[in-house]
Structures are given as structure tokens and as C-alpha cells.
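Student: Sending over a structure as C-alpha cells; questions will come in a sec.
Derivation of every value follows stated rules applied to the coordinates shown; laboratory data play no part. As the structure is a prediction and not an experimental result, all values here were calculated from the model. Ideal geometry is used to build each Cβ from the backbone, glycine not excepted, and the neighbour counts take in all protein chains shown.
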Amino acid sequence: MKDVIKAFRKIVHLTFPPESSNRPVVCNLTRLFDLTFNILKAHITPRQEGAMIIEIVGSEENYRKGIAYLKEQGVNTSSVAQRISRDDEACIECGLCTALCPTGALAVEPAARRVCFESERCTACGMCTRVCPVGAMKVMLNNDW
Ligand code: SF4
Ligand code: SF4
């Protein structure tokens, strides 16, 4: 049987200063580092700063090089997983969020009958924050989103 090599993938939040908005820095991830990317969300603020959430796929080494390149170009990068959190004390395990979470980051674990949260799968869509009855889910993005 053929070995299946799992690609490294990460969901990343990027913010661009106005001066970099005309440069193809994100496209260069493919050209220079053999990474593929999928834009999940994009936004321009009133101050002409760009913000984007993208999923980057490739080798882990190339991912690190690509992120270093973005930083060199003045792009601020952070993992989306660092921007989403759940207050486990507040969560009442109602399961409402699991019906709406598009990525399966929030899912019921049948054996433990618990709602599990896997932050690395989160795209910061914010759906869970709108339905959670106790405000347990927090997405820390700019108010502009
Ligand atoms: S913000 Fe909430 S609903 Fe959206 S992907 Fe993340 S965990 Fe799922
Ligand atoms: S909606 Fe809120 S309280 Fe209900 S399982 Fe999800 S995080 Fe917990």
C-alpha cells in the first residue's frame, strides 16, 4: 500500500499595511514556497489596511519560510487558533454550536458525551459566538470584521 503523506496545514490571520496592498505577497507563497492557500475571509478597513484569513497548505518547512517571508514584507501574521477561545467553565455542553460550526472545530465526542473544541480547525467565522447561550466562545479579531 502506498504511503499517504499528510500535508501540513494551518489557518492564519494576516493584516497588511496600506503600502503592501498592491503587491502580490500572498500569491508569492505559491510561486516562491510551493504552498497553496485558500482565502477564507478578506476585508479592507476604512484605514485601507487589508485583513485576511487564509488556510495555507504545504510542507511544514515551506510554511515556516512562507510566514517569515510575509513578515519581511511587513505583513502581520498570527495563528487563528490563538484568536479563538472557549471558556470551558462557562460552557454548559448544550451542543448548539456544533450544529453550526462549518469546520468541525466544535463537535460532540460521542464516547465522552462532551463538546470538544479543536482550535486548529477554526476559521474564526464567528457563528458559534452568535448562538452560544452563555457567551463561552470568544473570537478576538478587530471590530472591523
Ligand atoms: S468561529 Fe466557531 S463556528 Fe466558526 S469555525 Fe471557529 S469554532 Fe467553528
Ligand atoms: S453553544 Fe456554548 S455552551 Fe453550548 S456547547 Fe457550544 S460553547 Fe458550550
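Student: Using a cut-off of 20 Å between alpha-carbon atoms, which aspartates and glutamates can reach K41, once sequence neighbours fewer than 8 places away in the same chain are excluded?
Tutor: E49, E55, E118, E120, D144
Student: How big is D for the range 8-81, in µm² s⁻¹ as a whole number, if Stokes-Einstein is applied with the Kirkwood radius of its Cα pairs at 25 °C and 0.890 mPa s?
Tutor: Rounded to a whole number, D works out at 201 µm²/s.
Student: Then there is this: For the residue pair C27 and Q48, what label-to-label distance in nm results when each label sits 7 Å from Cα along the Cα-to-beta-carbon direction?
Tutor: That separation, rounded to one decimal, is 2.1 nm.
Student: On to the next question. If I take R0 = 25 Å and measure r between the Cβ atoms of L100 and E120 in this structure, what FRET efficiency does the formula 1/(1 + (r/R0)^6) give, to the nearest 0.05?
Tutor: 0.85
Student: Taking only Cα atoms and a 10 Å spring cutoff, compute GNM fluctuations for the chain and point out the largest among A124, A51, A68.
Tutor: A68
Student: Which residue fluctuates most in the GNM of the chain (Cα springs below 10 Å): E60, E120, E109?
Tutor: Top of the fluctuation ranking is E109.
Student: Bin width 5 Å, origin at 0, all Cα-Cα pairs of the range 55-145: what percent of pairs per bin?
Tutor: It works out to 3, 12, 21, 21, 15, 11, 9, 6, 2, 0, in whole percents.
Student: What is the angle, in °, between the Cα long axis of helix 60-72 and the longest principal axis of the Cα atoms in the chain? Nearest 10 is fine, range 0 to 90.
Tutor: Taking Cα atoms only, the helix is inclined about 60 degrees.
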